[in-house]
Amino acid sequence: MSEILEIIQLGNPILRQQAQPIDNLADERIQTLIDELITTVAKANGVGIASPQVAESYRLFIVASRPNPRYPNAPTMEPTAMINPRIIAHSTEVVKGWEGCLSIPGIRGLVPRYQAIEVEYTSRDGELHRQELTDFVARIFQHEYDHLDGIVFIDRVESTQHLMTEKEYQERISLH
């Protein structure tokens with residue numbers, strides 16, 4: 001069983017750093033980190049996690065959308081490790097949606113994101129993937145991708161009026 005890693009919180013300088021590309025996928029440390037990130041995101045009821053969030057500054061994140069207490073309407077997909085990811089193209093349409101972050105507990109923000117993106121990433125077995133992501137999964141990708149550049153979702157909120165506590169979000173938004 002993989003270890004559950006500690007998720008660092010806003011204020012830790014690693015969250016504001018540019019993450020390093022991964023050159024050697026066969027490195028046992030990287031493969032173990034992928035397993036630990038998948039375990040950690042599931043235990044934390046997240047739908048994604050980036051390696052900088054566990055104080056490992058690599059260009060790697062997991063997209064693991066599934067319904068859970070924090071995101072009851074999330075679509076279900078297999079947890080996917082995305083290594084050295086890139087956004088190749090995006091829609092002109094931007095959609096605002098509520099986001100939270102495991103590194104910023106207790107806060108939600110209304111964040112504008114591209115509705116559709118075309119992405120490229122390397123999977124843990126070294127294969128290059130190129131695919132179009134839309135809606136909620138595109139939002140997860142963009143949120144995690146920001147972590148690789150030292151950006152957190154509150155940086156993208158257009159107004160402090162678009163922030164609320166997790167408790168208020170659960171009472172007002174998620175049930176509707």
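The values are calculated or read from the model by the stated rules, or taken from the named source; none is laboratory data. Computed from a predicted structure; not experimentally measured. Every residue, glycine among them, receives a Cβ derived from its backbone with ideal geometry; neighbour counts consider all protein chains shown. For accessibility, only protein heavy atoms count, side chains too; no ligands or nucleic acids. Shrake-Rupley method; radii C 1.70, N 1.55, O 1.52, S 1.80 Å.
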Would you say Ile104 is out of contact with any Gly (no Cβ under 8 Å at 6 or more places or on another chain) and exposed (fewer than 15 other Cβ atoms within 10 Å of the Cβ)?
no
Criterion: more than 16 Å from Ser123 (Cβ to Cβ), buried (at least 19 other Cβ atoms within 10 Å of the Cβ) and touching a residue at least 24 places away in the same chain (Cβ under 8 Å) - qualifying residue of Val41, Val63
Val41
Residue check: is Ile117 touching a Leu at 6+ places or on another chain (Cβ under 8 Å), among the aliphatic types (A, V, I, L, M), surrounded by 16 or more Cβ atoms within 10 Å (Cβ to Cβ) and more than 24 Å from Tyr58 (Cβ to Cβ)?
no
Do you know which residues across region 10-34 are exposed (fewer than 14 other Cβ atoms within 10 Å of the Cβ), under 18 Å from the mean Cα position of the chain (by Cα) and under 14 Å from Ile83 (Cα atoms)?
Pro21
Here are some conditions: (1) free of Cβ contacts under 8 Å to residues at least 12 places away in the same chain; (2) open to solvent by less than 40 Å² (accessible area, probe 1.4 Å). Gln53 meets all but one. Which one does it not meet?
(1)
Can you find even one residue in region 122-134 that is open to solvent by 30 Å² or more (accessible area, probe 1.4 Å), basic (Lys, Arg) and in a loop (DSSP other than H, G, I, E, B)?
yes
Does region 154-172 include one or more residues that are within 14 Å of the chain's Cα centre (by Cα), under 15 Å from Tyr71 (Cβ atoms) and open to solvent by less than 50 Å² (accessible area, probe 1.4 Å)?
no
Region 135-153 - residue that is β-branched (Val, Ile, Thr) and in a helix (DSSP H, G or I) and, of those, farthest from the chain's Cα centre (by Cα)
Val137
So which pairs qualify, if the first residue must be in region 68-96 and among the hydroxyl-bearing types (Ser, Thr, Tyr), the second must be in a strand (DSSP E or B) and open to solvent by less than 50 Å² (accessible area, probe 1.4 Å), the Cβ gap must be under 6 Å, and the two must be at least 6 apart or on different chains?
Thr80/Val63; Ser91/Ala116
Before we move on, is Asp149 under 30 Å from Thr32 (Cβ atoms), surrounded by 12 or more Cβ atoms within 10 Å (Cβ to Cβ) and of a type outside the set (Lys, Arg)?
yes
